[in-house]
Structures are given as C-alpha cells and as structure tokens.
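Asker: Here it is, the structure, as structure tokens.
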There are 2 protein chains.
Amino acid sequence: DPIVDVDCMTSNRTVTLPGLVNMAIPASVDSINREASASLAGGFTTVGVNAETNQGHVALTDVTSLEHYRDQIFSSHTTAHCDLGFWAVFAAGSEASRQAGAVDVLVQLAPNTIGLLIDLTTPATTAPSSTASGSVASVFATLDLLFSRWPSNRAIFVRASGSELASVLYLGALHNRSVHATQLTRLDDLQLIVRSQARRAQQPSLPRVTCDVNPFFLFSNTLTQEQRTRHFGASAGTEADIRGIWENLSHVDCFAVGDIRDTGARNSSLDICAFGLQYALPMLLTAVADGRLSIVDLVNKLYTHPVRILNISPSSDTSVSVDLDVEWHVPESAPIFARAPLRGSVQRVTLRGEAVLLDGILISQKASGSIVQAALVPVESDKTAKSV
Amino acid sequence: DPIVDVDCMTSNRTVTLPGLVNMAIPASVDSINREASASLAGGFTTVGVNAETNQGHVALTDVTSLEHYRDQIFSSHTTAHCDLGFWAVFAAGSEASRQAGAVDVLVQLAPNTIGLLIDLTTPATTAPSSTASGSVASVFATLDLLFSRWPSNRAIFVRASGSELASVLYLGALHNRSVHATQLTRLDDLQLIVRSQARRAQQPSLPRVTCDVNPFFLFSNTLTQEQRTRHFGASAGTEADIRGIWENLSHVDCFAVGDIRDTGARNSSLDICAFGLQYALPMLLTAVADGRLSIVDLVNKLYTHPVRILNISPSSDTSVSVDLDVEWHVPESAPIFARAPLRGSVQRVTLRGEAVLLDGILISQKASGSIVQAALVPVESDKTAKSV
Ligand SMILES: [Zn+2]
Ligand SMILES: [Zn+2]
Ligand SMILES: [Zn+2]
Ligand SMILES: [Zn+2]
Ligand SMILES: [Zn+2]
Ligand SMILES: [Zn+2]
Ligand SMILES: [Zn+2]
Ligand SMILES: [Zn+2]
C-alpha cells in the first residue's frame, strides 16, 4: 500500500505518501539545484529533467553536452538534493534535431536517460537551411526512424496537439510502442487519448497510450486566455477545456508540472519555474480537501503511474509526510496560477532513510540525490497490461 | 478471369480488359462531358468525380449544390458518355468544410456518393473567420467526427502527406475504418502505407490501408522538379521518389489519374485535364511492353482493386479492347508528361453490351453513362480480408 500511514494523534491529520515523481521539467545547468530544492519542498523526490539554455529548450543531441551537463550537476559543488533523471529531447523547432546524425546521437544517449521526449510544440523558427543537400529530414520521417531505434525499456513522451499528436500515436501503433502524451491542455486531445485507450480495450494487442496534465493548468480557470498561453503555451486550452479535463480526470494517468515560466514576462528568467514547483502538491491537496480528488488518485497520478510509465524503481525508505489540514496563503511573489488559499502542505521529506526537508527547510548536510535510469527490462508489457 | 480474351489472329496482339475505373478526377460542371469522353477514349468506363468551380476544388458541402451538379450532368443535353460516381469532398483549405454544420451535410450527401474524399493538400487560404464564436472547428476534430459518422459501406479516401497522412490513418485505426491514401507522390508516404499493411498482417483486426499513385507521376522523371510541382502539387515527390515508387510498385494498390492541370500555366483552364486522361492507359501499356509492368498487375490496379476499394459493382458486358503492339506519338498539344513514344492503344470500348468508342472516336448515338453508387453492404470486411 503506497499510503504508508495516517497519523491521527495530532490535531491535524497527517498522511505519509511515497516520494513523488515529477516526470519532466525544463531546467538549466545554472539553476538545477534551485529546482531540485523546490521540487523537494513540493514533495517530489524524483524529477525528470529536460535541459535547456537561456535560449530555451536545447535538444541534448550530442553525447558531449549530456555528459557535460550531468557532470556539472553531479560535481561536488552542485550535487542535487533530489533524484534526477535526464531526457533525450527531440525538439521539432530545433534544426539540430533534424540533422542526419541526430537519430544516432539520441539513440547513443539513451542509456543515460529515462526516456525520449518529443516536443512538437516549438515550431521551427528557421526553415531548414539545407534541404537542397537533403541533410535535414522531415520531422515525421525522423520520428519514424527514432521509433524504430529507441530502446524498448525507455519511455517515449510526446508533447503535441491535434493531428500532430495523432500522427505520433500512429507511429506508436505501427511500431508497437507505448506513447505517453505529456502536458495536455485540450479536451480534444484528452478525448483522443481516451478513445485510444478504449480501442485498446477491444484490441489488447495495440500499444498502451497514457497522458498527463499540468496540475497548475487545472487551476488556471481564473486566468485570462492570454495569461494561460503565456504560461502553458501558444495552443493552451480554454476554460471549457479545463472544465472538460476535470470531468474526465479519471482518464488522466499522471500529473506533471512542466514548463511554467511566464513567457510574456519582461525578465522571464529560467529560474522562475523554481518558484512554482513547491505549490503543486499543496494545490492538489486543496482539491482533496474540497472533495474534487481522492488521496488515492493523487498518489496514483504522482507516484504509481509515473513509476510504471517511466519504468523506474522507486527509492526505498523514501516518503513525504503531508499535513492535510493546515491552511495558508502563498506569498505575493508566487506565480499567478498559485494564488488561491491553500489547504495542506509538506511537513517532512525522507530520502533513502534520511530526513532531508522539514517544514520547507532543507536540513540535510549534503545533497544526496542520485541519477535515475529506466530498468533494463522493457516497459511493462503492452501485451498483458490493459491499463496502468 | 478479368482478362476476357487475347486475340492472336491479327498481326498485332489484342487484349480485352474489363472496363477500367479511374477513381477520382476533378471536374467542373461545364466540362464533365469532355472529361467523360476523354476517359472513355482512355479505356475508363467508370470515373469518380470531385466537383470544382473555376476557383478550384469546391467542397460539395451542401445537398443543393450536389443535386444541382448531378442534375446538370444528367439532364437531357449533358448526359455523360461513361459511368460517373460522385465524391463528397472535405477540403481542409475550404472554410465551408469546417463550419459547424459541414459534417451533417457531408453525411446527408453520402447516399448520393461513392465515398468521402479528404483533401489536406490545399492549405487554408484564410484563417478561420470566426474562432471567437467557436463555429469553425479544427480540421482534425472535424475529421474525427466525420470518421464516426460516415456510413460504413462507402470509402474514405485521403490526400495528404507525412504526419497529416499518419493522423488520418490513426483515425482509421481508432474507428476501425479502412482508409485509402490517394495520389501519393513520396516514397516516405508509400513506406508508411507499406508498414501499415505489414502491421495489419500481424494484427488482422486493424483496418485495411490501401493507396494509389497517379500513373503520370510515375513517368514524370523527365520533368524538372518545378514542372512536377506545377502538375502534381506543392509537395510532389522528386526523381528519387519516382524511382522508389517504381521499386515498390507491388505495394501500390491502384493507379488513379487525379488532378493533372498545369497550375503554373497562364491560361490554366479546368479543361486542360481532359487532354491527359486518354494517355494514361497507353503509357501504362508502354510500360507493359517494356517489361516494367504485367498486364495482370495493370488490371488489378485499374479494375479489380478499385472495384473492391470503392465497393461498387462493375457493369456487365463492359470491356475495353487494347492493341498491345501499335506504336504512336502523342500530339504536340498533349501535356508534357505524355510526350514519350507510346506502344499500345485503346481499340474499342463496350458499355453494357453497346460499342461506344472505336479507335478514339465516340460512335454511340446517345450518352449512356449511369450513376455509380457504393453497394449497400459494407466495404469488404476488415476482419476477414488481409489484402485486396
Ligand atoms: Zn516506422
Ligand atoms: Zn506569470
Ligand atoms: Zn528553471
Ligand atoms: Zn492505476
Ligand atoms: Zn473519433
Ligand atoms: Zn504543363
Ligand atoms: Zn476538367
Ligand atoms: Zn489483388
């Protein structure tokens, strides 16, 4: 039972949850420590990282940059406070991702990663510079090749919408590979996932299709659409989509706090995302208090399902104690999607038997995070498991 | 045996083929007679028509326009010389196709059609004018709805490339509907079809996926790429694609002469396509003479497979006699893709027992074409048939 203990001896109810998993956040080399600490404050003991520079996402398309990145993070002076996994990133907007050798490089990176993250939401800013020489392949042809070569024990995530999402799901069906659609914000897209799952219930030989939503998007109904697109991307869903996703939340496999920077803000530094991570769990606990979410569902979406989908082993003796009843207000400096009065907070985080965080304060002397990798056996067989 | 007779008594070998089927050509109300006659001269006794105006393709998105169109064609003074079937057209570039009521109208049209033709190659020329009111849906959402409502006894064709093609194939997989990819010009796209067929061989419960190529595209290797895009569309394949498609011709289910107008020509009238139709079969017969194609394969791709895919009944006593040995040159006025010296020509066309064309000349007193519709029983079961 993942819910370890409910302590009823204090006036406030306390629940001990397993160490939570945030599957994919963007992080820069300079700020990874801050994000790791904010993650820990938010109850996340495992974080998937897709690297970026000040210019935005950077596809980890060469081994040197990945190794450099990992070395920097795990060098003595920058050891992270939570467990980190790394994504290999295929970004459609990055010409590097479409160079002839990109697939080779991504596949070489695979052993150092928790999976392949395909981001189709960043359109190409420049036209391919070398179509004449034929050295830049179409995005779809490159993805097809990637699907045939990406190792079967590591996840494939896709961030896309509409027909682009469907085209990647079709590659999954053709190559018999599970696909996880990440950071959905549109009811249309969720319904495509739901229908894919329904079709698989009839045809169990089809590969598994799963999805996540950003919990902050679920609470963004008080924002204007312009504010939503600034925080959740150009094709962010509307209030109607938010309502629709809440109504279909049982079909959402996971929560994942993705890129929550304010792209419209003047001094939008990469680090702004760090300021949001610690509010995700309290906001979901508030939904639990309001009866909109069960604590079992919360654990499924932030632990059980992510662990299965990423094919990772949870750390032993790792847990998060949360106070379900404490009420509090976020500081003025918090991102605008985290403004509601909250009920519930993280009391204590234990990482491999050591208490590392108490009441929002890091108490461990040294950062003891480790690198997370997918298990060597393939992702849970598509043939036998009908749902995660 | 569809090859009725080989007559060896004359010095030239003569073969009698069944009346051939050209699945989808664009045609305007004003010129349909000319196209029907040219089709007959080319050995086609059945032609699928997608209607258009001088402005280009027009989606038959209202019942009145379809009825008006059909009435005009079959009124006493404009009866066609070959059998005609009509397509309901969903054109992504047409805002009308994305209006809220478009799906209802297309489904209402279905009983008068041979199928639904989804054209994603014509990009929207104008942004949706009414997104604020929500009355223009995304192309993909509209297609999804169409797939769920289009009657199962009528074909679904799609003209698309790359990820857009894959997204429609995924809708087919989700809705358990066969999809036919029409007018492929890229090896990438053909390979996507081939892999879809291979996957279905492993998973027979998946729906059937078929495709056609324009025979003229197969012979366009002497054109420049600029000429090819003028005649076969902005995303027309290259010489390498032509070679690749020839090498994989066994995976191409049908030949279909589609839209072969010269879009770059100054006075590109709609009727220019009529001048090409009669050269398609002779060019393919030349490939037979050259040993690049068997006569059985030709009949499969121009008769047997189209009849099954369209779910239509061939007319009785309908045949085309061709001379396999006659050599000739096309006139200077012919489209540039029909310039090669040819070997083989149509001698006689018989429609329902009546000789209607002899040595290129219409001899029937009255036009005796009828309207073709899909059979009432669903398209050949996806469950039982592994290939067409
Ligand atoms: Zn493939
Ligand atoms: Zn903001
Ligand atoms: Zn950051
Ligand atoms: Zn579960
Ligand atoms: Zn559907
Ligand atoms: Zn021309
Ligand atoms: Zn015409
Ligand atoms: Zn066959």
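Asker: Can you tell me the order of B:15-26, B:38-49, A:349-360, B:103-114 when each peptide is scored by its average per-residue count of other Cβ atoms within 10 angstrom, highest first?
Answerer: B:38-49, B:15-26, B:103-114, A:349-360
Asker: For A:Ala24, list long-range residues whose amide hydrogen, built 1.01 Å from N in the peptide plane, is under 5 Å from its own amide hydrogen.
Answerer: Distant-sequence amide H within range of A:Ala24: A:Gly48, A:Val257.
Asker: Hey, can you grab everything whose amide H is under 5 Å from the amide H of B:Ala236? Only 5+ residues off in sequence or another chain; H modelled, so Pro and N-termini drop out.
Answerer: none
Asker: Here's something else I'd like to know. What does a probe at A:Asn221 reach in segment A:237-253, counting residues whose amide N is under 13 Å from the point 7 Å along Cα→Cβ?
Answerer: A:238-249
Asker: Got the A:Glu247 label distances to the other copies yet, label 7 Å along Cα→Cβ, in nm, shortest first?
Answerer: Label-point distances to the other copies, shortest first: 5.2 nm.
Asker: Shortest first and in nm with one decimal, please list how far the A:Asp325 label point sits from its counterparts in the other copies (point 7 Å along Cα→Cβ).
Answerer: Sorted ascending, the copy-to-copy spacings read 10.3 nm.
Asker: Residues with amide H under 5 Å of A:Thr122's amide H, sequence separation 5 or more or different chain, H placed in the peptide plane at 1.01 Å from N; which?
Answerer: A:Ala92, A:Gly93
Asker: Hey, another quick one. Karplus couplings for segment B:322-334 from phi (6.51 cos²θ - 1.76 cosθ + 1.60, θ = phi - 60°), rounded to Hz, Gly and Pro as x?
Answerer: Here the 3J(HN,Hα) series is 10, 8, 7, 10, 5, 10, 7, 10, 6, x, 4, 6, 5 Hz.
Asker: What nm distances, shortest first, do you get from the label point of A:Pro378 to those in the other copies when the point sits 7 angstrom along Cα to Cβ?
Answerer: Copy-to-copy label distances at A:Pro378, shortest first: 3.0 nm.
Asker: Could you calculate the contour length gain from A:Leu358 to A:Arg199, that is, 0.36 nm times the residue separation minus the distance between their Cα atoms, to one decimal place in nm?
Answerer: Value of the extension gain: 52.7 nm.
Asker: Fewest Cβ neighbours within 10 Å first, please rank A:Thr182, A:Thr224 accordingly.
Answerer: By the 10 Å Cβ count, ascending: A:Thr224, A:Thr182.
Asker: While we're on this one: What are the ³J(HN,Hα) couplings of segment B:162-173, residue after residue, when phi is run through the Karplus curve with 6.51, -1.76, 1.60 and θ = phi - 60°? Round to Hz, x for glycine and proline.
Answerer: x, 5, 5, 4, 4, 5, 6, 4, 5, 4, x, 5
Asker: Something else now. Could you work out, residue by residue across B:222-233, how many beta carbons of other chains sit within 10 Å of that residue's beta carbon, and then give the average as an integer?
Answerer: So the per-residue partner count for this stretch is 0.
Asker: Calculate one ³J(HN,Hα) per residue across segment A:155-161 by plugging θ = phi - 60° into the Karplus curve 6.51 cos²θ - 1.76 cosθ + 1.60, and present them in order as whole Hz with x for glycine and proline.
Answerer: Working through the residues one at a time gives 5, 10, 9, 9, 10, 6, 9 Hz.
Asker: Counting other beta carbons within 10 Å of each Cβ, put A:Lys301, B:Lys366 in order, fewest first. Walk me through the numbers before you get to the answer.
Answerer: Details: A:Lys301 23, B:Lys366 9.
The most exposed by this proxy come first: B:Lys366, A:Lys301.
Asker: May I ask you to list the trypsin sites (Lys or Arg not before Pro) in segment B:168-268 that are in a DSSP loop and have at most 13 other Cβ atoms within 10 Å of their Cβ?
Answerer: The qualifying sites are B:Arg266.
Asker: Further question on the same structure: Partner chain Cβ atoms within 10 Å, averaged over the residues of B:164-177 - can you pull that number for me?
Answerer: Rounded to a whole number, the mean comes out at 6.
Asker: Run a plain Debye calculation on segment A:194-250 (Cα atoms as equal point scatterers, no solvent) and give log10 I(q)/I(0) at q = 0.22, 0.25, 0.31 Å⁻¹, rounded to two decimals, same order as the q list.
Answerer: -0.83, -0.95, -1.24
Every number in this text was worked out from the coordinates using simple rules, so none of it is lab data. Please read these numbers as outputs of a predicted model, since none were measured by experiment. With ideal geometry, Cβ positions are generated from the backbone for all residues, glycine too; neighbour counts draw on all protein chains shown.
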